[in-house]
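Q: This is the structure I want to talk about, given as structure tokens.
The values are calculated or read from the model by the stated rules, or taken from the named source; none is laboratory data. Since the model is a prediction, treat every value here as computed from it, not as a measurement. Every residue, glycine among them, receives a Cβ derived from its backbone with ideal geometry; neighbour counts consider all protein chains shown.
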Ligand code: CP3
């Protein structure tokens with residue numbers, strides 16, 4: 001299999017090496033705002049699309065061509081791993097992901113089946129293989145998984161949550177159940193990511209989207225050891241991007257959990273956050289995705305602000321602070337990518 005050229009800016013930035021321009025990709029870059037994606041989704045459900053590797057790899061590759069980004073991310077979802085656990089995963093329009101049989105007791109944790117990702121979600125690995133072929137070395141391919149806490153929060157709550165009451169209750173009131181659940185998820189996630197790497201992923205991103213609901217002390221005690229276990233289990237020396245939302249109070253703890261690149265949301269100043277993280281990590285971020293709803297001029301101003309905060313330090317990957325919103329005009333995403341390339345090249 002031919003790999004991407006090592007000179008490619010995304011992989012160089014993950015290693016904090018200088019690049020001719022700042023590489024950019026966007027979280028939820030494959031999504032409802034893209035007409036080509038909408039056309040595919042009008043024919044199949046989200047789960048069916050994920051389970052049809054030709055189609056999932058197709059939208060992965062086409063999105064890179066439409067947007068002109070420097071990295072591709074496989075089309076999948078962080079909750080796919082829950083389906084073979086038999087908990088009843090579904091995506092309900094307007095409500096988000098639902099789990100029919102949430103897991104809230106030690107007994108329920110113990111009853112979860114042992115799952116081999118190669119058998120439970122074989123289509124994801126096939127998507128990685130086909131996307132790698134389709135990209136043909138043009139840009140690197142990012143595999144991904146949900147981090148144990150964020151996946152556990154869906155499994156325990158059963159539905160999207162704001163306060164994560166059930167998750168925090170389990171964490172504190174039933175330490176044995178929590179440890180059992182997080183240990184299982186950490187092992188499963190490590191196997192899943194290593195499978196994606198074996199299938200051809202050039203980097204992996206761990207999404208811990210909802211850790212912002214935790215205090216630093218709780219994060220360190222109830223989450224960090226399990227996330228660290230996943231990250232230290234990653235094989236092949238591929239870069240790991242560790243991302244969370246609402247993490248201004250957790251940055252140092254996230255860094256201590258691991259990752260070559262720390263993904264920042266838009267609520268922090270990227271330069272100050274990087275100073276706190278220190279020189280040992282690269283940084284990804286952090287434009288407010290809502291800005292993509294405004295004008296190309298506003299978008300350029302926002303891009304300049306993020307590039308100014310990074311101040312040309314090697315190891316910056318430009319991204320949004322969270323996912324692209326469905327109402328975003330896709331041409332604005334293209335304008336953002338062009339602005340990042342143009343302004344960062346001029347600066348160098
Ligand atoms: O970035 C990409 O384009 C790659 C594909 C991708 C999807 N989900 C496909 C998807 C990625 C990287 C994810 C990650 C994901 N999924 C996260 C972490 C990132 C983040 O935004 O914090 C989370 C928390 C999930 C769980 C999830 N899946 C949610 C909250 C939703 C939205 C539910 C809704 O209806 O609004 C999903 C569904 C989902 N996964 C969509 C996509 C493109 C929605 C679009 C559709 O229904 O076609």
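Q: All but one of (1) under 30 Å from residue 110 (Cβ atoms); (2) surrounded by fewer than 20 Cβ atoms within 10 Å (Cβ to Cβ); (3) within 16 Å of the ligand (Cβ to nearest atom) hold for residue 246, so report the exception by its number.
A: Tallying (1) under 30 Å from residue 110 (Cβ atoms); (2) surrounded by fewer than 20 Cβ atoms within 10 Å (Cβ to Cβ); (3) within 16 Å of the ligand (Cβ to nearest atom), residue 246 fails exactly one: (1).
For every residue, the table says whether it meets (1) modelled with pLDDT of 95 or more; (2) within 12 Å of the ligand (Cβ to nearest atom); (3) assigned to a helix (DSSP H, G or I).
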| position | (1), (2), (3) |
| --- | --- |
| 38 | yes, yes, yes |
| 47 | yes, yes, yes |
| 60 | yes, yes, yes |
| 65 | yes, no, yes |
| 77 | yes, yes, no |
| 84 | yes, no, yes |
| 109 | yes, no, yes |
| 123 | yes, no, yes |
| 132 | yes, no, yes |
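Q: Are any of the residues in the range 2-22 under 30 Å from residue 307 (Cα atoms), near the ligand (Cβ under 8 Å from one of its atoms) and surrounded by 17 or more Cβ atoms within 10 Å (Cβ to Cβ)?
A: The answer is no, given that none of the residues of the range 2-22 is under 30 Å from residue 307 (Cα atoms), near the ligand (Cβ under 8 Å from one of its atoms) and surrounded by 17 or more Cβ atoms within 10 Å (Cβ to Cβ).
Q: Sticking with this structure for a sec: From the list 303, 333, 283, which residue is buried (at least 23 other Cβ atoms within 10 Å of the Cβ), more than 15 Å from the ligand (Cβ to nearest atom) and outside any strand (DSSP E or B)?
A: Going through 303, 333, 283 in turn, the sole match is 303.
Q: Please work out if residue 227 is outside any helix (DSSP H, G or I) and either within 15 Å of the chain's Cα centre (by Cα) or crowded, with 24+ Cβ neighbours inside 10 Å (or both).
A: For residue 227, the condition - outside any helix (DSSP H, G or I) and either within 15 Å of the chain's Cα centre (by Cα) or crowded, with 24+ Cβ neighbours inside 10 Å (or both) - is not met.
Q: Determine whether residue 128 is within 12 Å of the ligand (Cβ to nearest atom) and at pLDDT 95 or above.
A: Judged against the criteria, residue 128 is not a match.
Q: What are the residues in the range 192-224 that are in a helix (DSSP H, G or I), within 15 Å of the ligand (Cβ to nearest atom) and closer than 23 Å to residue 238 by Cβ, if any?
A: Within the range 192-224, 192, 193, 196, 211 meet the criteria.
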